[in-house]
Amino acid sequence: MNMLYDKMNVAEGRILPDNAPESVQLRKAQNTLIVVGTGILLLGIWTVLKSLGILFLNRHDIVAEIRANVESTEIVVSDEEIMLVLLLFAVLYFIFGLSARWIIGFSAIAEGRGQRRGKIYIPLTVVFIVLNFLEMFNGVWQILATGPSEDMPSDSLLVTMIINLTSMIMMTQMLASVRLVRRYRAMEERTVE
Amino acid sequence: MQLDFHYYGTYCAAMIAGYSHEESVQVAYCAQFVDCCSGTFLAKIGGPAAAATTQLQLELMDANTDPVGLQNITRIWASFHFLPNNLYSERKGCSKRYLRKYRLLCDVNSELLPDTVELARGKGPEAAGLAMHVLADTWAHRYFAGTPSLVINNTNYHFTEIVPAEDGFTERPVRFNHNPTAPDDLETGVFVNTVYQGSEHSVMNLGHGRAGHLPDYSFARYRYMPAWAEYREIIKDNPSDYMHAFQQMVYALQCLKDGVLFQLDQYAAEAVRPWEDKIREILEKRQMDACADWKSFGEQLSGCEIPDFSDEAYVEEYMAAGPEEKDDTFLGRFILAALAQKSMVTNRIYSSGSPLAGISVDFGKEGFRGIRDFRRLVTARSRTVGPAPEAGMLRSAGQEQEAARAEDRNREEAAHD
């Protein structure tokens, strides 16, 4: 049987609840993992859809920019070929961008439920935290570099920065919870032995 | 709790408490009728809507969850099915809004329970039956609140059932589905509960909906983590709780019958002892409906046949009565008892500083105002059935024991002389 909590403290034939401080903290950390893991999944979907939306709405501008760059070389490509390449990149971005976040999210949820301990999602989370940080740094740099003027970065940049900050906080909290969960689980295993 | 315990179980408790077969049937009928007296039923018979003691699923689906609607829901469920345990409990680090809901948590030996039982004194089997329903539900529905609240009543994946095994007990995860038409599967541990709703005041988060019917199964033992418990888990031992409920019902009915003041945390264990094994066997048997077993036990106790429950049994009498005579009918007395209970609980919740059950007016000080249906509480004549003990004659259990010892001493001295 797959039991999350197989503590059965039998005292005089009675089964008692396990409310030791470590157990309570473990449950809290596991619940946090599940909540944050779900949040990362949803945020991942949003991020990827947002990127694809920007790509789709600005596709003509992007094609024109690529054409302008390509014309300076001797390569001859049609607009349709450029669009095809863009579509290919979009699909790859969708798959890999979403996959990475789904690995993180589902692994966090699985560890929160006590089902399995993933190895790859922790370093992947660290990578995303660094990427988010760099993206935020870039955004702040753009704002500071532009200064108060008519060319001020758009609202979408500010929203993106807020989302990135949220994502960074969630992933940091996830790492902290994973650490707590593994520590308390190790304590439990030592107690059982 | 279900019909098996509310009707047949209460019948058995009344018989053990010394009531006659007819009285026991009436007490048991009213105990079960609390789960039937909905607004729809009252509209059908022309009764006062404010006397509703329950809400049907369809009524809840249509119920408003604005503040007034929530007050209406809370008034019904907190008064009859989830009697608040401690309206002045404290909890650190929470908002006043949360604390009000936390204080509505139902638990056993509530500070409101003596008032519930005393409201039934001298009011006949109808009021006694209603009080027994409230008392019994405090055991089954403990740790839930009679108000729609996600942060109080929610449960999650941390839910396991403790089932008997060869060498004691074993645990298995409970799986919930949300199909209300599908029966619970006791073999595989699949139960129906209300669907998760993130909205705080959704009716899906009322009472023990998120735990399904598990609190109402007398055999169930389970471990879970209620939302209010801050990640602490609770083990609910229904066989033990139901046995306590039964013993406390017998004690309460004895108090009502014998003119003794009801006290908390007292149980008629000695009176129940001759049948304890039989009752425990019924409670622990894994079956969704224990009516047959309880009925058989009840008929064994009384030697009489217990009629099947029908919510239409007294409708004709009520509908045929004139406006001035309705309060003297069986349903009329039940309705008065329901209004009195609802009024008492609402008043106590309001007096504690919580508006969750609505505003309560002291009729004695401010005269009648508010919901018109409650006027009959003010104008109804006090009724007693049999010799009505006056307040000064009520004796506490301790005084009873002292009087019995004094009697024994007198008898011994007389015999010695």
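Values in this text are rule-based calculations from the coordinates and carry no lab data. Just so it is clear, the model here is predicted, and its values are computed rather than measured. All Cβ positions, even for glycine, are placed from backbone atoms using ideal geometry, and neighbour counts span all protein chains on display.
Just want the answer: with Cβ charges of +1 for Lys and Arg and -1 for Asp and Glu, which residue in A:Thr160, B:Tyr19, B:Val361 is farthest toward the dipole's positive end in the protein assembly as shown?
The one lying farthest along the dipole's positive direction is A:Thr160.
Calculate how steeply helix A:21-57 sits against the longest principal axis of the alpha-carbon atoms of chain A, using the helix alpha-carbon long axis, and give the answer as 0 to 90 degrees to the nearest 10.
With both axes taken from Cα atoms, the answer is about 10 degrees.
Once the Cα atoms of the stretch A:24-192 are picked out, what are the Rg and Dmax in Å?
Cα only, the stretch A:24-192: 20.7, 72 Å (Rg, Dmax).
Charges only on Cβ, +1 for Lys and Arg, -1 for Asp and Glu: so what's the dipole of chain B about the Cα centre, in debye to the nearest 20? Spell out each step's value before the answer.
Working: 41 positive and 58 negative charges, 391 e Å.
With Lys and Arg at +1 and Asp and Glu at -1, about 1880 debye.
Based on the mean of other Cβ atoms within 10 Å per residue, sort peptides B:241-249, B:336-344, B:279-287 so the most packed one is first.
B:241-249, B:336-344, B:279-287
Evaluated at 37 °C with a viscosity of 0.692 mPa s, what Stokes-Einstein diffusion coefficient in µm²/s does the protein assembly as shown have when Rh comes from the Kirkwood expression over alpha-carbon pairs?
115
With θ taken as phi - 60° and the coefficients 6.51, -1.76 and 1.60, list the Karplus ³J(HN,Hα) couplings across the stretch B:239-244 in order, rounded to whole Hz; mark glycine and proline as x.
For the stretch B:239-244, the Karplus curve yields x, 5, 5, 5, 5, 4 Hz.
Can you tell me which of B:25-37, A:62-74 comes out highest on packing, and rank the rest after it, using the mean Cβ neighbours within 10 Å?
For the peptides B:25-37, A:62-74, the packing ranking is B:25-37, A:62-74.
Taking the Cα atoms of the stretch B:317-363, what is the range of coordinates along each of the three principal axes, in descending order and whole Å?
Computed over the stretch B:317-363, the largest-to-smallest principal extents equal 42, 16, 12 Å.
Quantify how strongly other chains surround peptide B:211-224 by giving the mean number of their Cβ atoms within 10 Å of each of its Cβ atoms.
1
Check each of the trypsin sites (Lys or Arg not before Pro) in the stretch B:31-134 and keep only those in coil by DSSP with at most 15 other C-beta atoms within 10 angstrom; list them in order. Could the numbers behind the result be given before it?
Details: sites: B:Lys44, B:Arg75, B:Arg91, B:Lys92, B:Lys96, B:Arg97, B:Arg100, B:Lys101, B:Arg103, B:Arg121, B:Lys123; in loops: B:Arg91, B:Lys92, B:Arg103, B:Arg121, B:Lys123.
Sparse-neighbourhood loop trypsin sites (Lys or Arg not before Pro): B:Arg91, B:Lys92.
Let me check I have the definition right: for the stretch B:249-292, take the eigenvalues of the Cα gyration tensor, multiply each by 5, take square roots. What are those semi-axes in whole Å, largest first?
Semi-axis lengths for the stretch B:249-292 are 26, 12, 9 Å.
What is the distance, in nm, between label points placed 7 Å from the Cα along the Cα-to-Cβ direction at B:Asp185 and at A:Ser51?
It is 4.2 nm.
What Rg and what Dmax come out for the stretch B:1-90 when only alpha-carbon atoms are used, in angstroms?
Considering the stretch B:1-90 through its Cα atoms, Rg and Dmax are 15.7, 47 Å.
If you average the sequence gap of Cα pairs under 8 Å that are 6 or more apart and divide by the length of chain B, what percent do you get for the contact order?
Here the relative contact order equals 21 percent.
Measuring from label point to label point, each 7 Å out along Cα→Cβ, what is the B:Arg232 to B:Ser89 span in nm?
0.9
Projected onto the charge dipole of the stretch B:150-254 (+1 at Lys/Arg Cβ, -1 at Asp/Glu Cβ, origin at the Cα centre), which of B:His208, B:Gly168, B:Thr188 gives the Cα projection farthest towards the positive end?
Value computed over the given set: B:His208.
Per q in 0.24, 0.25, 0.29 1/Å, what log10 I(q)/I(0) does a Debye calculation on the alpha-carbon atoms of the stretch B:78-132 return?
-0.89, -0.93, -1.10
For the pair B:Gln197 and B:Lys285, what calculated FRET efficiency results from E = 1/(1 + (r/R0)^6), where r is the Cβ-Cβ distance and R0 = 35 Å, to the nearest 0.05? Present the calculation step by step, with values, prior to reporting the outcome.
Numbers: r = 34 Å, r/R0 = 0.97.
E between B:Lys285 and B:Gln197, to the nearest 0.05, is 0.55.
Quick one: putting +1 on the C-beta of Lys and Arg, -1 on the C-beta of Asp and Glu, what dipole do you get for the protein assembly as shown around its Cα centre, in Debye to the nearest 20? Write out the running numbers ahead of the final one.
Working: 58 positive and 77 negative charges, 352 e Å.
That gives a dipole near 1700 debye.
Given a Förster distance of 51 angstrom, what is the FRET efficiency for B:Lys257 paired with B:Gln57, based on the Cβ-Cβ distance and rounded to 0.05?
Given R0 = 51 Å and the Cβ-Cβ separation, E is 0.90.
Compare the Cα positions of B:Ala220, A:Ile45, B:Gln71 along the charge dipole of the protein assembly as shown (+1 at Cβ of Lys, Arg; -1 at Cβ of Asp, Glu; about the Cα centre) and return the one farthest towards the positive end.
A:Ile45
Mind ranking B:163-169, B:105-111 by how tightly packed they are, going by the mean number of other C-beta atoms within 10 angstrom, highest first? Please list the in-between numbers first.
Details: B:163-169: 10.7, B:105-111: 19.9.
So the peptides B:163-169, B:105-111, ranked by packing, come out B:105-111, B:163-169.
Work out how much length A:Asp79 to A:Ile62 would gain on full extension: take 0.36 nm times their residue separation and subtract the Cα-Cα distance, in nm to one decimal.
Going from the current span to full extension adds 5.1 nm.
How are the alpha carbon pair distances in chain B distributed across 20 Å bins from zero to the largest one, expressed in percent?
Bin by bin from 0 Å, the calculated values are 26, 58, 15, 1.
Using Cα-Cα distances under 8 Å and only pairs 6 or more residues apart, what relative contact order does the stretch A:24-192 have, in percent?
On the way: 128 pairs, mean separation 65.1, N = 169.
Once normalised by length, the contact order is 39 percent.
Grab the eigenvalues of the alpha-carbon gyration tensor for the stretch B:217-261, scale each by 5, take roots, and send me the semi-axes largest first in whole angstrom.
Semi-axis lengths for the stretch B:217-261 are 31, 13, 6 Å.
Hey, with R₀ at 51 Å, roughly what FRET efficiency would A:Leu92 and B:Ala43 work out to, going by the Cβ-Cβ distance, to 0.05?
0.20
Using 13 Å as the cut-off for backbone N distance, which residues of the stretch B:174-210 belong to the label zone defined by a point 7 Å from the Cα of A:Leu42 along Cα→Cβ?
It comes to B:197-199, nothing else.
Please compute, for the alpha-carbon atoms of the stretch B:151-237, the extent along each of the three principal axes and give them in descending order in Å.
Per principal axis, max minus min of the Cα coordinates gives 43, 32, 20 Å.
Among the lysines, select those whose C-alpha is under 23 Å from the C-alpha of B:Lys236, and discard any that sit fewer than 8 residues away in the same chain.
A:Lys7, A:Lys28, B:Lys101, B:Lys278, B:Lys285
So, with +1 on the Cβ of K and R and -1 on the Cβ of D and E, and no other charges, what is the size of the charge dipole of the stretch B:151-237 about its Cα centre, to the nearest 20 debye?
Using only the charged Cβ atoms, the result is roughly 260 debye.
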